[in-house]
Each structure stands twice: as structure tokens, then as C-alpha cells.
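Just so it is clear, none of the values below were taken in a lab; they were calculated from the coordinates. Computed from a prediction, not measured in an experiment: that's the story for all the values here. Using ideal geometry, Cβ is built from the backbone for each residue, glycine included, and neighbour counts are taken over all protein chains shown.
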Amino acid sequence: MSMITMTQAAAVREGLAEEMRRDPLVWALGEDLSTAHGGTSADQYLGLIDEFGDKRIVNTPISENTIMGAAVGAAVAGTRPVADLRMADFGMCAVDELVNQAAKIRYMFGGQARVPLVVRQAIGVRKGGAAQHSQSTEAWYIHTPGLVVVAPATASDAKGLIKSAIRTDDPVVYMEHKDLWLAEGQVSDNPNDLIDIGKASIMRQGSDLTIVSWSKMALLSLQAADQLKSEGISAEIINLRSLWPWDKDTIYKSVSKTGRLLVAQESVQVAGFGAEISADISENLNHSLKTYVRRIGAPRTPVPYSEPMENEYRVTTTRIIKKAKELFSAP
Amino acid sequence: MSMITMTQAAAVREGLAEEMRRDPLVWALGEDLSTAHGGTSADQYLGLIDEFGDKRIVNTPISENTIMGAAVGAAVAGTRPVADLRMADFGMCAVDELVNQAAKIRYMFGGQARVPLVVRQAIGVRKGGAAQHSQSTEAWYIHTPGLVVVAPATASDAKGLIKSAIRTDDPVVYMEHKDLWLAEGQVSDNPNDLIDIGKASIMRQGSDLTIVSWSKMALLSLQAADQLKSEGISAEIINLRSLWPWDKDTIYKSVSKTGRLLVAQESVQVAGFGAEISADISENLNHSLKTYVRRIGAPRTPVPYSEPMENEYRVTTTRIIKKAKELFSAP
Amino acid sequence: MTNNTASNYPARILEMYKTMTLIRAFEEIAEEAFDAGLVNGSIHQYIGEEAIGTAVCANLRKTDFILSNHRGHGHAIAKGANPEAMMKELLGKVGGTSGGKGGSMHIADFSVGMLGANGVLADGLTMGVGAAQALVLRNVDAIVTVFVGDGTTNRGPFYESLNWAMIYELPILFVCENNTYASSTSTRKVTAGPGPVARAEAFGMPAYDVDGNDVREVDEIASKIITNIRNGGGPQFLHAKTYRIKGHVSRDKMLYRPEGETEANWKNEPISRCADWLIKNGISEAEINSTNASAYKEIRDALEAAIAAPFPDGKLAYKDVQDLGNRYLGEHS
Amino acid sequence: MTNNTASNYPARILEMYKTMTLIRAFEEIAEEAFDAGLVNGSIHQYIGEEAIGTAVCANLRKTDFILSNHRGHGHAIAKGANPEAMMKELLGKVGGTSGGKGGSMHIADFSVGMLGANGVLADGLTMGVGAAQALVLRNVDAIVTVFVGDGTTNRGPFYESLNWAMIYELPILFVCENNTYASSTSTRKVTAGPGPVARAEAFGMPAYDVDGNDVREVDEIASKIITNIRNGGGPQFLHAKTYRIKGHVSRDKMLYRPEGETEANWKNEPISRCADWLIKNGISEAEINSTNASAYKEIRDALEAAIAAPFPDGKLAYKDVQDLGNRYLGEHS
Ligand SMILES: Cc1ncc(C[n+]2csc(CCOP(=O)(O)OP(=O)(O)O)c2C)c(N)n1
Ligand SMILES: Cc1ncc(C[n+]2csc(CCOP(=O)(O)OP(=O)(O)O)c2C)c(N)n1
Ligand SMILES: [Mg+2]
Ligand SMILES: [Mg+2]
């Protein structure tokens, strides 16, 4: 086994290809999957059609309801589809099939069926993406019984999580960050290296403060930790990776140690996932907290286009640092 | 002006009819609106077609995307539509048009347009409704910039809020409770009586504990207050009515007084709106809290059908009481 | 293909008569149960439409899949689901098809290829094409049938699914049950153009009209087109005209109906039409009567058994949600 | 209706030529701006398709509405939006059509009835029928036109909207711009049946094919059917065949295209075809050249002005969200 440098898009592609080699029932469907440079510029499926053919790399019409619905039907009927809705924004066109069907079939049919499918829906602000191409909707799916939600931050996460997502019998919403598709990282080439869904990664050990985040914000939080360190604050950085279930053991342990928690999220802060973490920690770890839990997230506005407004909107490293320092002033 | 007893369904109908009389640009669209006993058994539109004709009470095909999309287009084009998706569960078929269009048009077009529309989407567990007819999705829309969300608990709320919702230039998600359609209450017959969106109602004054809730849970919380009273606990019951914006002034004031807060919600607790309230109160009122904020809500499972399971699933008055008492044991 | 001159043809139709009667009995007795307050939710009855599901499923194999909608009792029985387990499901009892988790709108029996009724209109279609795609990928010799109401042909996913089925040349049959109503709305008024057949043909899909109240006619055409699908003929569309004799849902008082309409349509209902034909074709009235009696007895027994069956433990509400994250379901204490 | 034997007919076509050239110049110069890193997002160019939006909008009034899609620059200019304000929008500058809030995919100019480009496919259709319904309700003598791509005709809302338009007899024109691609996918491969015209006809909607690269042909038929709509003829459908000469989006390298395809289609592009006709019909080459020159100058000036314009204050991000709840937007401090 060795580590190889690749982009996150390539890491997911490798993970998918390995699983497709391992299991002939794994297949993928979505718009523009079969063409070089198709759909997005990240080439997430480049070359796969040559290896696996057009029955397993299925280029679909623009039919979001059916991409999602067909994936559910195909999962119930004994295969393991990976449906790519390309962006969470377009995923809104298929909420019904995901929430009313995929999430509930096992339950409402009394366990007769399983729905082993993965839905790829990229999140995050994409430069100039504006209101309809930059949304992060993980909170909706975390709120939905029956769904698993993961959001990789690194290339290694990306590969390990797509593999685990494909192997589980639960429906998994797999939320990549558009801005990270081309970010490079070290990835294992061992097809047996998986990342357990539900297991967070501690990116940096620290003693004064825990910062919990996911997706791109985990990387910014890591940057923030460097700066905080130089100011004498030792921050422990936790990359959740899996949002539902989330790794309460790891976080409780960290917060018990540091006594301070900041949740950094890119999505809208109001009723975002950070609220759940904050409420949960208050409920379960109140005695360990030196100060109340802080959150940082996007304002409750659509995503603006123009650069100065986009910058105003964004959660940045600087803003994370500023918020983190608040935990050390009164109370 | 006098008070009249009527069901909540009738109260909304009256409110709608008054607004339609006042403003010829107000109209309604949805499935089965024009028939007696149509669609649901609550007769929410009974007789309106006779008064307003089929251009203003529009019976639509089963086309959720277009019901929502057409309402947005019609709002932008100078009318004030009330689109009825009948249940939040079917509303999932039209999330895109609501979230990607209605919520964003004013913003992404730089203020050129307004989207004065109301979307009715009933929430709540309906007896035997099971997984696809009993969902409460208010948290999704609270998380969505650009949307206003209201959820009446009483017939009076229902009438006052539908009228305010119709008059505002913002898109409003109006979430009735299916179980309350036939619940009766006192309603003003004065067409100028509105309920301000953003203003909570204090249903019961109390000094030991604040219970914040909305929709049917506000009524159960009121019952809980009676029982708690007999056990020596004075609970202040706040019926939020408006979920976004929510009345922070009233709640902060109440919690400053009582020092204890329980949020009672019928929807899934994980990542539900209660999490936002809990996190917000921790952030803003930490100094006033005698103990950490508690939440009660549904488990993270789909809604089961069979009565014993449904009862296990439900948030009940008994469970609210039990949870409320927890705030008086060791923090 | 059906050979309606073969000597066993009346026996074949008698089998279908039995199925139709079983469905009718189920619906009538389910209504009694509902009226008696035994059913936790509501029910959508298939009365008057039995010939369609019956004759279509008579041409399917156990290994074939069907996907149904909210009006699914008849489809389930026709595909071979056990009526007693279904009745238990309606009453939310142990032994119900979904263990009481689903109720009327979520009856499924995967062991006979019945992949589920559905509470959301048109979702059976998108899932159906996916199921057909899975059969192709798995190289299984079976087909999928999706039942869809006339009102539902105005939802977008209906069209997406037809297009999808055609471009991937899937082994799938779409059956549109045109009972003239969608809930309280007359579908004619909200459906533009010539109707479902023309819509299917616009995708290049072979589409057929049939009298859905004539079980023999449905059988004949279903037999033909299902054979065609099995032989690689690709998707096909069957538009069956019928009438919804009962209200939309068990609570429906049908105030929106023109007077006399229901009565007129009772005259055309499929079961007595079938009985008439059987009697003219050598089946004795006694046999018909005993078929009826045993169907009603079977369903009455089913209801008795369902009433006698215990309710499931409420804590089962926490079972079968998902594998991952089970620790954090947030059970009520 | 257009009278193409009238003496002012060449002048009419010259006007359209001017509009097409302005659109072409806009798209080419926007691409330069994109390549120079001046555009915050990405752009979808209308190059090669200018005749459609131009000729259709030439038959519309300022009070008519259009709804566009992601490829909306041409529609906006044709409907009368100001190119300088549009260029400012692309650069996210003060004075942009949406004040810099929207960018290329959200250009709108309500003052000329351009109700917006759109980043989500097919949503313009459902909003379009609603806008038409509003016009009827308000008793306004105007119509709605919706532009939709060929790939988008496979989304469900497309069908729902056609059905909807028919049953309410709305004053609406659907224009399908068939440029043979949906992003990197050849739409032929994912579109079953004879195509968009057959699909529209299945709803009983009058539907027409037209050579979308022939501005005169588009004008002629648009004129006819728009008059028809104004006269209460109900919804109509126009299927315009064209070709997307550029990549799907500004970043697209078009690796999926057969070699030579683009070049072959350049020969058929609408602007030079129109120029040829104009020259044959009495317009001097000098006039054509000066038209071209002034179009490019206008757009170059627009880009210069956009570059020179200031960026908006970042704090405007908090403006125009909604009226209620403005206190709680959660501004970053
Ligand atoms: C997406 C969705 N919209 C609305 C409903 C409510 N609803 C249930 S059945 C029904 C009418 C269906 O009519 P049709 O398709 O003709 O089937 P039928 O009931 O006549 O068998 C409606 C509107 C629903 N269940 N799902
Ligand atoms: C609902 C939705 N799905 C997918 C996309 C991504 N997307 C943007 S444009 C496009 C192709 C559209 O093709 P077509 O309708 O033919 O229009 P064209 O680009 O050719 O003008 C796709 C897939 C989107 N914006 N919205
Ligand atoms: Mg029907
Ligand atoms: Mg195209």
C-alpha cells in the first residue's frame, strides 16, 4: 500500500471504480457522466464508461426526479446505484424521491427492503455561483430519519467515504464541496482502506478549545488553528466527515478536555446543523463547558454574486479566528 | 366586532375570503379546491368558488411543481397567489420552486421583483397517516433565506396569520396542523384584525419555567401547564405562531424571568427548529439560565402506522410534563 | 399469449373471477372495518376497477415486479399477496405485510414481487423504471409493471419515466387506470389533449386503449403486450378505462358527483359482467355462487384473524430505521 | 403579421441583424472578459442561436413578458435590456441589472418585461404559465414567452406546464431552442420519440418546426403565432432548430464533440446568413459593416464602463432579502 497524490474528484472516482470492480451491482447514473469534461469541469467520471460500459455508467436525460426515483427503485431491486445530482441546488428537484421514498422504504415496508444507494450532491459556495449554485443543504437531510449524511474535507476522506457509502445498505447523501473537487491530497491506493461512517477525524490536537466542522470549513478551521496557536490558544480541530450519524464520542471527549466548543459551518447558521451540535452539547456536556457553545455560519441571505458581497457572505478563516477568541472573553 | 366559534379550517377560509374581497389580485390554486369536501375532509375552500369564480379559485391538475412555480410566476407578475400543496409531504415535490425561486427572486434580481405569495402546507401527525402523510418540515424552510414561516395553533391564529401572510410582500410558508383543521375556537369577525407575523402569544403567564412551542404542541403545552401547576410548577406557555422570524423579544423576556426553557416540538428533534432556539438562547441568554435548555421532539424515525407505535412516536402532554420536570432536578 | 378459443379458457377466466371477487370482498370488508373504527388510517378502494389489476397480474410471473400507488389493495391481491396479512396491516397488527409500520398506503409484499403501494403520486413510476434497469443490469428474465391513475398522468415524473423507459429500452409495462376522477376532480377538466395514449405515443411508446371493466379484453391485450415486452419489445403502455365506484377515500362523501353517475356505472362493473360471460360459457351459477361465498368467507376470516391478532409492541417504532446511527434515534424514555 | 413583401421588410430584417450582432458582440466580449478573469462566475453563450431570441422578441411588445434560462444574454438583449447594465452585472458592478447580486445566470430587467434568466432548468416554464395566469387575472393585454432548451424538454415540469397552459387557455408561447446539446450530452440520445413538437401536440397544443438559424423564417412564424395568441388562440409551441457553436459554459473544452462538427455548423450560423440576404436585398455592404462596427463598439464601451464602475459595498449582501425578520439575518460582524 502506498499514498498517492490526487484531486478529491479523482479520489472519489478511484473509490467508485474500485467498488465497481469489486461488485458488479454497483453502478452510477446522472447527467453528463459519460463524457470527458462533462457536466462539471472536475471530470469526476472521466474514463469510467470505457471500463464499465454504458449500462453501469449511465448518462441520463435532464430528469432529476427520475434520476433519484430510478436509483431508489434500482436499489430496492437488488443493485447499488450511485446517483449524481451534481449540485445540492439541483437536488432540490428530487427531495421527494429522496425523503419520501429512499429514506422511508425500509421502515414503512417493515424491513422487507433495503435501499443501498448513494446520492452525490455537491455543496458549498462556488466562486460566482450565486444564489442557485452555491447552497449547502446538509441540515435538511440530517433532519430526515432514514438518511445517512457524509461530507468529506480531504481527498482521503472523499475516497474512504464513497467506498463506505457504497457498501452500506442505508441510503447515503454524499456531499462533496465544489471548491474542493480540484484540491489535491494524499490518498491510499489500497482498495480495502475505508473510512467508517460515523467516525470523525481529529485533524489537530489541542487543549483550550474544540472547533468542530466539516467539509471545506474543516480546512479553514485548521488554518485558524495555526493562527490561534501563535496567539497562545491551542485549538483541537475535529473534521466530522460524517454528519449523520455524527461522532458524539469523539466530540464529547474533546469538549470534556477543552471545555470550549465552536462549531464552524459554511451553510446558513439559522437552523443549520451547528444548532443541533450546540443544543446537544448543552444537553449532554453542560457540566464540562467553561463557556457556552458558539456557532459560526452563513447569514440568512441567499448567496450573492458580486465578489465584495460574496466575501461579506462567506465564512472565512479570519472570521473563525475572531469567533474562536470570543470563547476566551467573558463569560 | 364580535367573536365567533369556528373550526380552524373555516377560520382560514374566512380569512382568505376577506382578503379576496379586499383585493382582487388575491387568488388561490391547488388540487381539489373547487369541490365540496374536495381533497381533504376539512372543506378549507367550501363555497369560495361560488363567490369568486374559477379564475380565482383554481382547481389544478396534480402538478405540484407547477402549482408552486405558477404561484411564483403569478406573484412576480403582480398578483398575490395562495398556493395550497395540501400537505408538507407533497410539498416535497415542489421544494425547488419554493426554495430556488420564491425565496431568492427578490434578492438575485437585486430587488426588482417581490414574491408576495402564500404556500399552504399542512404539517403534523395525522392519526394513521404513516410515513408519507404526517411529516413536519418547518425546519427546512426556517433554514432557507428569503422565506417566512408561520404555524398557527388556534383558530384565531389561523385567521389572523393567513391574512397577514397574504398582505406581506414576502413569500410565506403557512403550515397548518392537519389535526387542528376541525378544532374549534373563537375568531374575530372584524376583517381588520390581523396577527403580526413575528409576534408570539403568551398563552399562560408563569414564573418557574418557559415552554416555547408552536402549532399543536402549543395546545399540549398548555395542558401540561395545568398539570405542572397542580404540582407546584408555574409554567409560562409561549405559542410562537411565527417561526421565522421568531419573537426573540418575548422569549428572551420570558426566559430572563423564569431562567428555564423547554422547547416542545412535534417534528423530528434532531436538527429541528428547537435546536436553533436552544442554541440561540445559550448564546444570548446564558447568564439568565438556571439550567441548560431542554428540547422535546419526535425521534429520528419515520412516522409509523400502527397505533401503539404511533403513540410511542408522538410527543404527548405526558412526555412534555416529564421533560419539564427535568429542568428542576440537578442541572 | 392467451388463446381464447382453447378449451381451458373459461377456467382461466374463472380464476380471474375468483381474484376479482377476492379483491371486491377485501374492499367491502375493509370498509366495514374502517367504519367500525378498526383501521388507524384511511383506505382507498379499488371497487369497480378489479378487472385491470387482476388481468394484468394474471399475465405476470411471481418473479416479475409491480409498483402500485395509493389504491393498491387490488394490485397486491392480484399479484399474490396474502389478504390476511394485508388485513392485519390495515389494522396495524402483528403479522401485517409491513408489520403494522405502513398501513393501507404502504402495503408491500416483496416475496411475490409486489414492491409497494405508495402515498406519493407518480413515485411508483420513477422507481419502476429504476427497478427495470436493475433487472437488466442483473440479467434477470423478468419485467416490471407500474400502475398509475389518470390524475397522476399530469405529474411531471410520469413523463420523465416514459422517456426514460424508452431511451434505455426497459422491460416495463405502464398501466394507466383511468377511473375518470382524481380525488374530487374530474380528470377530463385538468387533462389537455387526447389523453394518456397520445402522451405515451409522443415518446414513441406503443400504447393501447382497453375497456378496463372487461376482464377478458384486458387479459387479451395484457397477454399480448407482456409477451412482447418479454421478447425484448421494450416499454408498452396500456390505458384502461374504468370508473371509481366508491369515494376517493374512505371518508369521502362524494358530494361533487353528478346524481345517478355512480348508479349508471354500477351497471358496467366488471365482476357481474364477467359472471354473465362465465355463465354463458359453461360455468354454472352454483360455481359462481360458491366462488363468491368462499371469497367473502376468506376475507371475513382474515378480518377475524386480524382482529384477534395482537398489536405490535410500540417500541418496534425504533426498528428498521437504518443500520448506521441507530444509537442516536432519540427514543422517548 | 409580418409582410415580407412590404417595402420596409429589408429594413425590418436589418433591425434584427443589428440585434443579432449586438448579441454576438456581447457574447464574444463577455468571453474576453471571462478569460481576463473579470467575471466572477461563468457564462453560457448564445453564439449561433441569436436569430431565435431576436426574431421572437421582435414580435413582442415591451409589456409582454419573457422568461429565460441559463443561456439568457441573447433573450435579454433582444427584449431590450441594456447591454451595459448586463455587462456590469457580469462583472458584479454597481449599475448591473441586478445590482451585482445575480450575475450572468440571473440577469433580469423587469422594466422591459424580461422576468429573468434562471439557473435551474425548467423553472422558467412553470413560472411562465403562472405569469400568464396573472395577466389574465389582471386583464392585461399582453402575452408571455418562455425559452427552453432541448435538453430541458426531458424534465417533468416542461410537461406539466404545457398541460397547464392548455387547460387554462393561457396567452403563452413556448420556444424550444434545439441546439442539439445539453451540456456535454447529445440530446438525441436521451430524448425518446419524434421530439418536442410531437410532445407538445400530445397536449393538443399547436406546434411548429422552424429553422432557428434563419431569422426571417423565425420572424415569419413567430409573427403569425404571436398574433394568434394575442387573438385568444391559446398556447403555441415553436421548435427552433439551431446549434450551440460554443461550449456549454465558458470553461467547457468540448472534448466530447465529433471533429469538424463545430466548423460545419459555423457555415450555417444565422448572422452571416442574414447578412447575405440583406446584401442581396438592397442593403449595402457598407451598412452591414458599420452595423457590425457599432455593435462591437457599443459592447466594448459597455465593457469599459463596467470595468470602470465601482464594486458595490459588500454590506449590500444584506439588502433585499425579505421584509420580515430583517433584524435577524445574522450579519457577520
Ligand atoms: C404528489 C401527491 N399529490 C397529491 C396527493 C393527494 N392525492 C392522493 S390520491 C389523489 C388523486 C389521484 O388520482 P388518480 O391518479 O386518478 O388515482 P385514483 O385515486 O383515481 O386511483 C390525490 C390528489 C398525493 N398523494 N401525492
Ligand atoms: C434542474 C437542473 N438540472 C441540471 C442543471 C445543470 N445544467 C445547466 S445547463 C444544462 C444543460 C441544458 O441543456 P438545454 O436545455 O439543451 O439548454 P442549452 O444549454 O443547450 O441551451 C444542465 C444539465 C441545472 N442548471 N438545473
Ligand atoms: Mg383516477
Ligand atoms: Mg440544448
**Item:** Sites A:SER234 and A:THR318, calculated FRET efficiency, Cβ-Cβ separation with R0 22 Å, nearest 0.05
**Value:** 0.70
**Message:** If the only charges are +1 at each Lys and Arg Cβ and -1 at each Asp and Glu Cβ, what is the size of the charge dipole of the protein assembly as shown around the Cα centre, to the nearest 20 debye?
**Reply:** 2500
**Item:** Cα pair distances in chain B, grouped into 20 Å bins until the bin that holds the longest one, percent each
**Value:** 33, 57, 10, 0
**Reachable aspartates and glutamates, given that their alpha-carbon falls under 13 Å from the alpha-carbon of D:LYS62 and they are not under 8 places away in the same chain** = D:ASP109, D:ASP141
**Request:** Please report how far the C-alpha centroid of region B:102-156 lies from that of region D:38-101, rounded to the nearest whole angstrom.
**Result:** 32
**Request:** Mind telling me which of D:PRO194, D:PRO83, D:PRO270 comes out most flexible in a GNM of chain D, alpha-carbon contacts under 10 Å?
**Result:** D:PRO194
**Item:** Spin-label model distance (nm) - A:GLU283 vs D:SER333, 7 Å beyond Cα toward Cβ
**Value:** 2.8
**Asked** Expressed in nm to one decimal, what extension gain is obtained for the pair A:ASN192 and A:ASP23 from 0.36 nm per residue of sequence separation less their Cα-Cα distance?
**Response** 59.5 nm
**Asked** Hey, rough spin-label estimate for D:ARG257 and C:ARG230, points 7 angstrom out along Cα→Cβ, what's it come to in nanometres?
**Response** 4.9
**Message:** Given all pairs of different Cα atoms, what value in angstroms does the Kirkwood hydrodynamic radius of region B:201-328 take?
**Reply:** 14.5
**Complete:** Partner shielding of D:235-241, taken as the mean number of other chain Cβ atoms within 10 Å, equals 0
**Complete:** Here the FRET efficiency for D:GLU15 versus D:SER111, based on Cβ atoms and R0 = 25 Å and rounded to 0.05, is 0.75
**Message:** Let me spell out the model: positive unit charges on the Cβ of Lys and Arg, negative unit charges on the Cβ of Asp and Glu, origin at the Cα centre of region D:6-318. What dipole size does that give, in debye rounded to 20?
**Reply:** 500
**Item:** Exam field: C:LEU255 pseudo-label spacings to other copies (7 Å along Cα-Cβ), nanometres
**Value:** 6.4
**Prompt:** What percentages, rounded to whole numbers, describe P(r) for the protein assembly as shown computed over all alpha carbon pairs with 20 Å bin width beginning at zero?
**Reply:** 11, 40, 37, 11, 1
**Request:** Provide a whole-number value for the mean count of partner chain Cβ atoms within 10 Å of the Cβ atoms in peptide B:83-94.
**Result:** 4
**Request:** Rank A:SER306, A:SER34, A:SER156 by mean-square fluctuation in a GNM of chain A with C-alpha springs under 10 angstrom and give only the top-ranked residue.
**Result:** A:SER306
**Asked** In what sequence, highest mean first, do A:225-234, A:43-52 appear when ranked by Cβ atoms within 10 angstrom?
**Response** A:43-52, A:225-234
**Request:** Calculate, for D:ASN4 and D:LYS189, the FRET efficiency according to 1/(1 + (r/R0)^6) with r their C-beta to C-beta distance and R0 45 Å; round to the nearest 0.05.
**Result:** 0.75
**Prompt:** Among the lysines, which fall within straight-line cross-link reach of D:LYS319, defined as a Cα-Cα distance under 17 Å, with same-chain neighbours fewer than 8 residues apart omitted?
**Reply:** B:LYS104, D:LYS93, D:LYS101
**Prompt:** Quick one: label points 7 angstrom along Cα→Cβ at A:PRO24, distances to the other copies in nm, smallest first?
**Reply:** 7.0
**Complete:** With Cα coordinates, the longest principal axis of chain A makes an angle with the long axis of helix A:155-167, in degrees rounded to 10, of 50
**Item:** Per-copy distances of the D:ASN231 label point, shortest first, in nm (7 angstrom along Cα→Cβ)
**Value:** 5.1
**Complete:** Within the set D:PHE237, D:PHE203, D:PHE147, GNM on chain D using Cα springs under 10 Å gives the largest fluctuation to D:PHE203
**Prompt:** What pairs from B:LYS55/B:LYS178; C:LYS88/C:LYS297; B:LYS159/B:LYS257; B:LYS248/B:LYS322 go past 21 Å between their alpha carbons?
**Reply:** B:LYS55/B:LYS178; B:LYS159/B:LYS257; B:LYS248/B:LYS322
**Asked** What does the helix-only formula give at 222 nm for chain C: each DSSP H stretch with n ≥ 4 adding -39500 (n - 2.57), the total divided by the residues, and the result rounded to the nearest 500 deg cm²/dmol?
**Response** -13500 deg cm²/dmol
**Prompt:** How big is region C:6-318 by the Kirkwood estimate over distinct Cα pairs, in Å?
**Reply:** 19.7
**Message:** Give me the extension gain from A:ASP169 to A:MET3: residue separation times 0.36 nm, minus the current Cα-Cα distance, reported in nm with one decimal.
**Reply:** 56.9 nm
**Asked** Can you pull the mean other chain C-beta count within 10 Å for peptide A:26-34?
**Response** 3
**Prompt:** Once both axes come from the Cα atoms, what is the angle between helix B:8-22 and the longest principal axis of chain B, in degrees from 0 to 90, rounded to 10?
**Reply:** 50
**Item:** Label point distance in nm, C:ALA264-D:GLU28, each placed 7 Å from Cα along Cα→Cβ
**Value:** 6.8
**Message:** Just to be sure I understand: chains D and C are related by a rotation, so which residue of D has its Cβ closest to that axis, and how close in Å?
**Reply:** D:GLY156, 1
